[in-house]
Amino acid sequence: MKISEVMTAPPVCVAPGASLAEVAGRMAERAVGSVLVVEDGGLRGLVTDRDLAVRGLGTGLDPGTRVDAVMSRPAVTVDADDDLQVAYRTFRRTGIRRLPVLDVDRVVGVLTIDDLLLDVFRRLTDLLGPVAWSVLQEPPEPPSETGARS
């Protein structure tokens with residue numbers, strides 16, 4: 001399976017000059033924990049809710065501070081055409097929870113640990129669905145003679 005089949009698209013993006021307050025508002029509005037910082041179509045970095053809290057507003061930076069002051073760069077990325085196993089290895093190797101997804105050099109999505117968990121749950125459901133159905137279709141066994149009392 002390809003990363004492009006599991007990623008979240010389109011990604012939420014901001015310009016490097018966006019303020020911390022704007023970024024926090026965009027995250028709240030779109031219910032995401034990270035945004036990609038993009039300029040002229042190219043990925044410049046990634047900012048997470050933790051970046052805002054720990055390196056930004058939590059250290060006393062003004063809400064009008066530019067997001068490029070607290071973003072993580074360079075961002076670790078994966079390619080949309082990569083096999084999902086590449087993402088698993090990248091998450092394991094780096095310990096990060098969000099990966100910008102590129103198609104050549106163009107930002108096309110974000111892959112998160114949550115996206116992978118949802119994929120795992122979908123796969124388990126696909127496997128367990130027929131098993132559960134067959135169990136439900138089997139008639140119950142009659143009570144045993146030795147254990148049944150009237």
- prompt: Does the range 74-105 hold any residues that are among the basic types (Lys, Arg) and within 20 Å of Val37 (Cα to Cα), and which are they?
  reply: Arg97, Arg98
field: In the range 116-132, the residues that are out of contact with any helix residue (DSSP H, G or I) (no Cβ under 9 Å at 6 or more places or on another chain) and not β-branched (Val, Ile, Thr)
entry: Leu117, Leu118, Phe121, Arg122, Arg123, Leu124, Asp126, Leu127, Leu128, Gly129, Pro130, Ala132
- prompt: On the given criteria, is Ser134 more than 30 Å from Val14 (Cβ to Cβ), at pLDDT below 95, among the hydroxyl-bearing types (Ser, Thr, Tyr) and not in a helix (DSSP H, G or I)?
  reply: no
query: Is it true that some residue in the range 43-50 is aliphatic (A, V, I, L, M) and touching a residue at least 60 places away in the same chain (Cβ under 8 Å)?
result: yes
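The values are calculated or read from the model by the stated rules, or taken from the named source; none is laboratory data. What you see is a predicted model; the values in this text were computed from it and never measured. Please note: Cβ atoms are built from the backbone with ideal geometry, for glycine as well, and neighbour counts cover all protein chains shown.
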